[in-house]
Every structure is written in structure tokens, then in C-alpha cells.
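Readers should treat all values here as calculations from the given coordinates under stated rules, not as data from a laboratory. As the structure is a computational prediction, the values presented were derived from the model and not from experiment. Here the Cβ positions follow ideal geometry from the backbone for every residue, glycine too, while neighbour counts run over all protein chains shown.
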């Protein structure tokens, strides 16, 4: 680039051009997409880009679009093409009067990026943790090593209650499946690694019956919370050396609120009375919950 630190400001974001990367700083405001606000800023290495375009936008604007190489960004890999244009962090919308300046920076970037081949590894840093969000049927949390699901008795299916709260080491996972909350059947599903391999094993088709998935539901699991979460888990899975060692120390489980335990036992009793839990299943799950006090 001609000068390090040059800045091109648009609507909702400003791009700062450095010698080896573009630093995207997202604005915070009522009209700024919540995903942008959650991301804060992102540094995109030139090697992570495949192309740069400048096209007319809506209502007197132009759009500068830095197209990432397939496989270079865990956020875009997790999104799998489901993001709307308005939530695409690689699009900078500018007033039409800045078109000449935008074209200048587009040409500068085009001269610096390489062939548009798939990336062999993630080149853009994943969102940092710890991360968490609330879905319709449970709360998901990630500390960098382990993904945990804590079911809500008001939303979780009997299949998930039978399985109990879940904890997954990233080394035991093969992939992450994110389906946008803005479409039908939105969910985040963790795909288990097959024993001795890297491919995922077969899991229940319906996310609401799969203990490795949380269901977003209408009004839950918004994109700005669940997508960075999925991207961080995906990056950790790809960087993992394999299945977790049984001898490796694991974080001690935090003690639960007794009132929460009581609510869970009460709900188990309701499932038992409805015939959705056998006597042995009810007794076993009740003992597990009492052991957490």
C-alpha cells in the first residue's frame, strides 16, 4: 500500500490498510448490524483474500467487497454462505462520492493478493473466548477447550433431558454445523469424531433430539452471538491434535444452584409421570443431579 495506516471510512465500519493486512474496525450504534458490534474489529491478512470488487450499491452508495479465500476465515467457514449481504463483514458500504477513492484502494489490494486458491488452514484469527449464548433449549458455553450445554427445562426435549447436560472436548469433535437462526430449524450442532478417524459419526437427524445440538428457535440464538461461537469452536477443532487424552486434567465442574437442581428434579418427575422416563432412568438422573449439590 502507499502508506501504512491509511483509513477508508464507510457506513458501519472503517478499513485501515497496513503493509500486510487490512484492519476492519466496526462501529457501535443502533443501526450497525449486531454481528459487527460483537466482532468489534478483525485483522484480515492479505494472504486470506482471493479478490476485491467495487460495485454500485443501493440509494447512492458503492460497495467495496474483499472476497476471502475459501477456508481462510473460520467465521465465514462456519457461516457457510448463510449470511445476508448486510451482515457480511467483508463488505464496506460507502457514499457514491467516495467511489474514486475506493477504487484506488481496491486496485492497491488487488496488486497485493495472490491466487484465488482454497486455503489449507485458517488465516484469520477466530473470535476469542470464553464465549456463551442462550438458545431455545439450552445455554452453550466454550472455554477454548470444552463446549458445554446446559439444558433449559422449559425448552429441551425429553431426549436431551435423558442424556443430561453435555460437555465436549474439542479433540473429540470432527466439525461444527451452524444453521442460521434466521431460517427454519436454526441450530448449532457439534459433530463427533469417529473412533480412530477424522470423519463425523452418524447422529440424530433432528437437532431437537440430538444432545450434541442446541436449537435456536424463534427469537433465540441470534447471529451475532451464535456465529462467533461456532467459528471459535470450529477453529479449535481444526487446530486440535485429536481425541482428548483421558489422563489429561479437566476443569472442575462448578457447583450448581440448589434451586436450579430442584427445578430440574421437578421436571424429571414430570417426564417420569408422563411415561417419558423409565423408573431406572429417573432414579439415575436424579442421583446425578443430587451429586452436583
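Brief remarks on what is shown
- A simple spin-label model places the labels of residue 143 and residue 30 4.0 nm from each other, with each point 7 Å out along Cα-to-Cβ.
- Isotropic mean projected area of the C-alpha convex hull, region 6-110 (nm²): 6.3
- Stokes-Einstein D in µm²/s, Kirkwood radius over Cα pairs - region 90-148 at 4 °C with 1.567 mPa s viscosity: 81
- Computed over region 131-250, Cα set: Rg, Dmax in Å: 13.5, 41
- Alpha carbon centroid spacing (whole Å) that separates region 148-168 from region 32-104: 37
- Springs between Cα atoms under 10 Å define the GNM used for the chain, and in it the highest mean-square fluctuation of 46, 12, 272 occurs at 272.
- The slack in the chain from residue 182 to residue 206, taken as 0.36 nm per residue of separation less the alpha-carbon distance, amounts to 6.9 nm.
- Ordering of 170-183, 80-93 by packing [mean C-beta count within 10 Å, highest first]: 170-183, 80-93
- Each label was represented as a point 7 Å from its Cα along the Cα-to-Cβ direction; for residue 174 and residue 154 these points are 3.6 nm apart.
- Alpha carbon convex hull of region 44-165, volume per residue in cubic angstrom: 145
- Packing rank of 96-103, 222-229, where each peptide gets the mean count of other beta carbons within 10 Å, highest leading: 222-229, 96-103
- Per residue, the chain reaches -7500 deg cm²/dmol at 222 nm when only DSSP H runs of four or more residues are counted, each adding -39500 (n - 2.57).
- Nitroxide proxy distance, nm - points 7 Å out along Cα→Cβ at residue 290 and residue 107: 7.7
- Taking a point 7 Å out from the Cα of residue 97 in the direction of its Cβ, none of the residues of region 27-66 has a backbone N less than 12 Å from it.
- The packing ranking, built from the mean of other Cβ atoms within 10 Å per residue, places the peptides 59-66, 201-208 in the order 59-66, 201-208, highest first.
- Note on the chain: GNM, Cα springs under 10 Å; of 266, 25, 189, the largest mean-square fluctuation is that of 266.
- At full extension, residue 266 and residue 167 could sit 33.4 nm farther apart than now, given 0.36 nm per residue minus the alpha carbon distance.
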